[in-house]
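To start, the structure under review is shown below, and the notes come after it.
The values are calculated or read from the model by the stated rules, or taken from the named source; none is laboratory data. Since this is a predicted model, take the numbers as computed values, not measurements. Positions of Cβ are backbone-derived with ideal geometry, glycine not excepted, and every protein chain shown enters the neighbour counts.
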Amino acid sequence: MRIVSERLYNQRLSSPEFQQPADVVRWMGAVQAQDFAGAKWALGLRMRSASDTAIEEAYNKGQILRTHVMRPTWHFVAPDDIRWLLELTAARVNARCGPNYRKYELDAAVFKRTSKILTNVLKGGKHLTRAELRAALNRAGVAADDPIRVAHILLRAELDALVCSGRRRGKQFTYALLDERVAPAKSLTREEALAKLTERYFTSHGPATLQDFVWWSGLTTIDARQGIALLDRHLRKELINDKDYWLPLGKPSARQPLHSAHLLPAFDEYNVAYKDRETVVELDGGKPRMKSWDLLNPTVAIDGKVVGTWKARMNAQSVMIALQPARALKKPEKLAIATAADRYGAFLGLRVDI
């Protein structure tokens with residue numbers, strides 16, 4: 001329980017204190033966000049009071065951004081963090097995308113050309129959808145009918161700090177020029193950026209291992225070790241279950257109330273930000289009740305241990321939550337889940353049925 005109670009506290013799940021979505025994102029370093037609706041709920045879980053509408057508004061205003069960083073997937077990042085995060089991690093992401101770049105015949109000359117095209121069609125504060133950008137690329141003579149090829153063109157433009165998320169147009173996502181969306185910021189040295197990312201991770205996600213940090217950040221093991229070394233006076237190391245864990249200085253957090261429950265969204269940082277995910281899964285006869293890939297789905301956590309999954313079906317008036325527990329639930333646990341479901345309904349502004 002020591003690891004899960006500390007993580008619940010440091011991730012601000014048992015101690016939601018933030019007022020603004022950007023405060024959550026900045027605290028966490030970055031928040032995985034390929035499931036946009038789920039990622040908004042991930043922020044809401046860590047705020048004192050939040051609504052889907054308010055977080056959507058913050059996104060449309062550019063107070064939080066969504067881009068590819070650290071790993072080849074989308075993350076929410078704070079505007080004042082986006083440049084140094086890209087400078088630190090983009091090269092590693094590009095290296096991992098290299099085979100697909102070559103497969104779709106995307107080389108330096110092509111990217112130079114696509115960057116010029118994207119700059120020309122987006123300049124002046126335009127926010128364009130992927131379909132509109134695909135059409136612009138085709139008009140300029142760049143083959144853009146293959147959706148995967150286009151996705152990699154836009155991913156590279158994100159990693160090059162050329163574009164980032166724009167405001168949504170209905171349910172559609174758009175892209176905008178990063179320099180028109182984000183104010184200039186002071187550059188960090190590589191050591192400064194490495195130290196900052198390391199501190200953000202272990203402060204908000206600890207206790208965590210070196211391997212956990214390598215997985216989450218996309219950095220090399222050498223870089224991750226250097227980051228920890230740079231923060232020698234700001235982190236403490238503890239041996240837990242025969243593994244070295246790093247966590248922020250200070251007294252351990254108070255344990256959360258018994259039978260507290262959380263309805264975590266798909267890809268929530270509590271589940272996916274660690275190489276070893278079995279730590280948060282209940283055991284049955286010494287074996288995990290759930291598989292590691294189950295934790296990529298929306299999950300039900302009781303006292304910090306994942307005990308099942310859930311799905312939501314929505315209409316204009318209500319949200320139906322269907323639970324799939326991995327074991328029989330006790331009455332106090334059911335009541336805790338009902339409280340968590342009510343919080344989710346309030347976030348959406350809908351009546352809840354379980």
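Scanning region 4-23 finds no residues that are under 18 Å from Ala157 (Cα atoms) and either crowded, with 22+ Cβ neighbours inside 10 Å or not assigned by TED's automatic domain parsing to the domain that holds Val306 (or both).
Test Arg277 against the criterion of being modelled with pLDDT under 95 and buried (at least 20 other Cβ atoms within 10 Å of the Cβ), and give yes or no. So Arg277 fits the description; yes. Assess whether Trp27 counts as being farther than 28 Å from Arg156 by Cβ and at pLDDT 95 or above. The answer is yes for Trp27.
All of Arg7, Arg83 fail the test of being of a type outside the set (Asp, Glu), under 16 Å from Arg181 (Cβ atoms) and not in a loop (DSSP other than H, G, I, E, B), apart from Arg83.
Give region 280-289 a look and list any residue that's surrounded by 21 or more Cβ atoms within 10 Å (Cβ to Cβ) and more than 18 Å from Arg12 (Cβ to Cβ), or say none.
The answer is Val281, and nothing else.
Residues that are of a type in the set (Gly, Ala, Ser) and over 23 Å from Val272 (Cα atoms) within region 70-116 comprise Gly98, Ala108, Ala109, Ser115, listed in sequence order.
Being touching a Lys or Arg at 6+ places or on another chain (Cβ under 6 Å) and either assigned by TED's automatic domain parsing to the domain that holds Pro72 or of a type in the set (Asp, Glu) (or both), is that true of even one residue in region 264-287? The answer is yes; a qualifying residue exists. Cβ separations smaller than 9 Å between residues 6+ apart or across chains give no pair from region 231-259 residues that are on the phi < 0 side of the Ramachandran plot to residues that are assigned to a strand (DSSP E or B) and at pLDDT below 85. Within region 298-336, the residues that satisfy the criterion of being surrounded by fewer than 16 Cβ atoms within 10 Å (Cβ to Cβ) and among the polar types (S, T, N, Q) are Asn315, Gln317, Ser318, Gln324.
Starting from residues that are hydrophobic (A, V, I, L, M, F, W, C) and within 11 Å of the chain's Cα centre (by Cα), keep the ones in region 66-95 and report whichever is farthest from Leu188 (Cα to Cα).
Step by step, filter region 66-95, then rank; the result is Trp74.
Do you know which residues across region 33-45 are in a helix (DSSP H, G or I) and either touching a residue at least 24 places away in the same chain (Cβ under 8 Å) or small (Gly, Ala, Ser) (or both)?
Passing the criteria: Phe36, Ala37, Gly38, Ala39, Trp41, Ala42, Leu43, Gly44, Leu45.
Can you pull out the residues in region 218-233 that are more than 24 Å from Thr73 (Cα to Cα) and either assigned to a strand (DSSP E or B) or at pLDDT 90 or above (or both)? Across region 218-233, the qualifying residues are Gln226, Ile228, Ala229, Leu230, Leu231.
The number of residues in region 46-58 that are surrounded by fewer than 24 Cβ atoms within 10 Å (Cβ to Cβ) and not in a loop (DSSP other than H, G, I, E, B) comes to 7.
Here Pro72 fulfils each of the conditions (1) under 30 Å from Asn241 (Cβ atoms); (2) not in a helix (DSSP H, G or I) apart from (1).
The single condition among (1) in the same structural domain as Ala151 (by TED's automatic domain parsing); (2) more than 24 Å from the chain's Cα centre (by Cα) that Leu230 does not meet is (1). Screening region 197-225 for residues that are under 17 Å from the mean Cα position of the chain (by Cα) and charged (D, E, K, R) and picking the one that is surrounded by the most Cβ atoms within 10 Å (Cβ to Cβ) gives Asp212. Of the helices (runs of 4 or more DSSP H) lying entirely inside region 87-195, none contains at least 1 residues that are hydroxyl-bearing (Ser, Thr, Tyr) and without any contact (Cβ under 8 Å) to a residue 40 or more places away in the chain.
Evaluated against (1) out of contact with any strand residue (DSSP E or B) (no Cβ under 8 Å at 6 or more places or on another chain); (2) under 30 Å from Asp244 (Cα atoms); (3) assigned to a helix (DSSP H, G or I), Phe202 falls short on exactly one condition, (1).
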